[in-house]
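Beneath this line is the structure, given in structure tokens, with notes to follow.
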Amino acid sequence: MNEIQDQLIEDFGFLEDWEDKYGYLIDLAKSLQPLTAEQKIADNVIKGCQSTVWLHAQLEGGRVRYQADSDAFISKGIIALLVRVFDGQTPDDILHGDFYVVDRIGLSTHLSPNRANGLGHMLKQMRTYALAFQSKTQNA
Amino acid sequence: MKGATRIDWQAIRADFPILDEQVHGKPLVYFDNAATSQKPKQVIDALVAYYSRYNSNVHRGVHSLSQQATAAFEATRRKVQLLLNAREEAEIIYTSGTTAAINLVASSWGALHVVAGDEILITGLEHHANIVPWQMLCERTGAKLVVAPILDNGEVSLEAFAQLLSPRTKMAAFSWISNALGTVNPVHKMIALAQAAGAFTLVDAAQAAPHSVIDVQVLDCDFLCFSAHKMLGPTGIGILYGKREVLEPLPPYQGGGDMIKEVTFEKTTYNDLPLRLEAGTPNIADVIAFGTAIDYMQNIGLANIEARENELLDYATAKISEITGIRLIGTAPEKRCVLSFMLGGAHPYDVGVLLDQMGIAIRTGHHCAQPVMDRYQIPGSCRASFAFYNTFEEIDRFITALQKVQKMLS
């Protein structure tokens, strides 16, 4: 997980100004596999974001597979970063791993994760899924 | 217009320290004035002076500081009375803001006047603060909330408003200027129509008071309210104006100190207006600084402010209309200070985040007026809102920045 984050930090490091960085974030958004209409249901909506963000998760072979979408590019770019880091990881790693990529890619501070903003809600929802899958595997 | 040309707007702008700030290394362009205005140094100094030199509780101390604080606190009431041309100071009630003022009316006036089967008429333009308190009143009493729809251009349908008034209508409550679209409602006509139907009237002047001359005796509404922080004053202070004969019979909203004459465990007698509706130690510092804000606005002159802001809005509207794909939300013939728009298919959130990178502060989202956004079937809009201290150069920067955003999101 840290290797993925370090790679992203390196990629963003090559970009000099805010335009390039946000341009890259928008490119990440565009490259994210969109959700199907059936997956864009109210149950998958992450509350607390200014735009609508959908997150779908399932467990495959002990690893969490995430898919996400948003009606805004910036939000979609942010959740694409999260998906890049957490998709395919074990619930345990997702719950206990250190998530530091967003703080170190030079995007503005209001995109850093805190409980009151969109990124904070996205992170929380991803970990909530991981926790649910973890208890499911432990009970099985 | 003539008056406006005599004013040195650059000198006025220099009174606002925050306008020299940089955001992301670029000079701040503050176009979120409908959310809250910036404060001139005179207002900031008034707060510092109060806390540094005569901080004291009001209405009870015999000592000098308390006398001084009380005099300054009550001087603001007089200034508000003159600002609104109210008949007397007792008609001016301090609240924490417009929201608190409407809640006070919905609670105290509602308890006295509203029963099951009655109706409260609002419009489709309202801020949540002029919707939810009435919904709560309706839930408590079994009254019904009735909504006059808006037309495609963002005007209230006066025809529908008139038709929806009936003998069941106990209150017609509406905004003077829409915070989401900038539409100026024909409040004089609406008040007259409501009065003819026998209804009480409340005008939400939160967006009007910073920009318009208000005369409550000409309007003849029963209640009118607004917030200081949108008109150069501090946060946490607002005004409820009410006609004496309407305020007098109202049961107190909250109980406590300052609102009583005599308290025993058996019986409490209440104080006279306005203190009867102002329980507890009030927001002294902010009331006093609000007085300074009123002085500051009066020195410029509301007519000059209005003319300047209309020029800014007209200029911005013309410039933004040149951008391909711009959709203006709200195109009423009479509008003030607010430019609500969609940039092609771009999500307002993206537009707001990218403009912020260029130092430009606008509001994005539903502007606490979700029903208005639903009316236009959009999740929210971008809203640039202007104040007299903004400049034409700032609008030029904003337009250039919007074009850059459009390119980045395409």
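The values are calculated or read from the model by the stated rules, or taken from the named source; none is laboratory data. Predicted model, so just to flag it, every value in this text is computed and none were measured. Because the Cβ atoms are built from the backbone with ideal geometry, glycine has one as well, and the counts that use them run over all protein chains shown.
Observations on the structure shown:
- Any chance B:Arg327 is without any contact (Cβ under 8 Å) to a residue 24 or more places away in the chain and in the same structural domain as B:Glu393 (by TED's automatic domain parsing): yes
- Of the strands (runs of 3 or more DSSP E) lying entirely inside the range B:300-389, the ones with 3 or more residues being at pLDDT 95 or above are found at B:326-328, B:338-343, B:381-385.
- Scope the range B:236-269; condition within 12 Å of the chain's Cα centre (by Cα) and assigned to a loop (DSSP other than H, G, I, E, B); matching residues: B:Ile237
- B:Gly182 being surrounded by 20 or more Cβ atoms within 10 Å (Cβ to Cβ) and at positive phi: yes
- Subset of the range B:4-29 [of a type in the set (D, E, K, R), surrounded by 10 or more Cβ atoms within 10 Å (Cβ to Cβ) and farther than 15 Å from B:Thr391 by Cα]: B:Glu21, B:Lys26
- Restricting the range B:335-351 to residues that are within 11 Å of chain A (Cβ to nearest Cβ) and surrounded by fewer than 24 Cβ atoms within 10 Å (Cβ to Cβ) leaves a set whose member that is nearest to B:Ala34 (Cα to Cα) is B:Ala346.
- Taking the numbered list (1) hydroxyl-bearing (Ser, Thr, Tyr); (2) free of Cβ contacts under 8 Å to residues at least 60 places away in the same chain; (3) under 18 Å from B:Tyr349 (Cβ atoms) in turn, A:Ser51 passes all entries but (2).
- Which numbered condition B:Asn153 misses (of (1) polar (S, T, N, Q); (2) buried (at least 23 other Cβ atoms within 10 Å of the Cβ); (3) over 24 Å from B:Val218 (Cα atoms)): (2)
Every residue, every condition in (1) out of contact with any helix residue (DSSP H, G or I) (no Cβ under 9 Å at 6 or more places or on another chain); (2) surrounded by 18 or more Cβ atoms within 10 Å (Cβ to Cβ), yes or no:
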site: A:Leu35; (1), (2): no, no
site: A:Lys40; (1), (2): yes, no
site: A:Asp43; (1), (2): yes, no
site: A:Lys47; (1), (2): no, no
site: A:Val64; (1), (2): no, yes
site: A:Gln67; (1), (2): no, yes
site: A:Lys76; (1), (2): no, yes
site: A:Ala80; (1), (2): no, yes
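- Every residue from the range A:21-79 that is of a type in the set (Ser, Thr, Tyr), in a loop (DSSP other than H, G, I, E, B) and within 14 Å of chain B (Cβ to nearest Cβ): A:Ser51, A:Thr52
- Options B:Gln377, B:Gln370; residue that is surrounded by fewer than 23 Cβ atoms within 10 Å (Cβ to Cβ), touching a residue at least 12 places away in the same chain (Cβ under 8 Å) and either not assigned by TED's automatic domain parsing to the domain that holds B:Glu126 or not charged (D, E, K, R) (or both): B:Gln370
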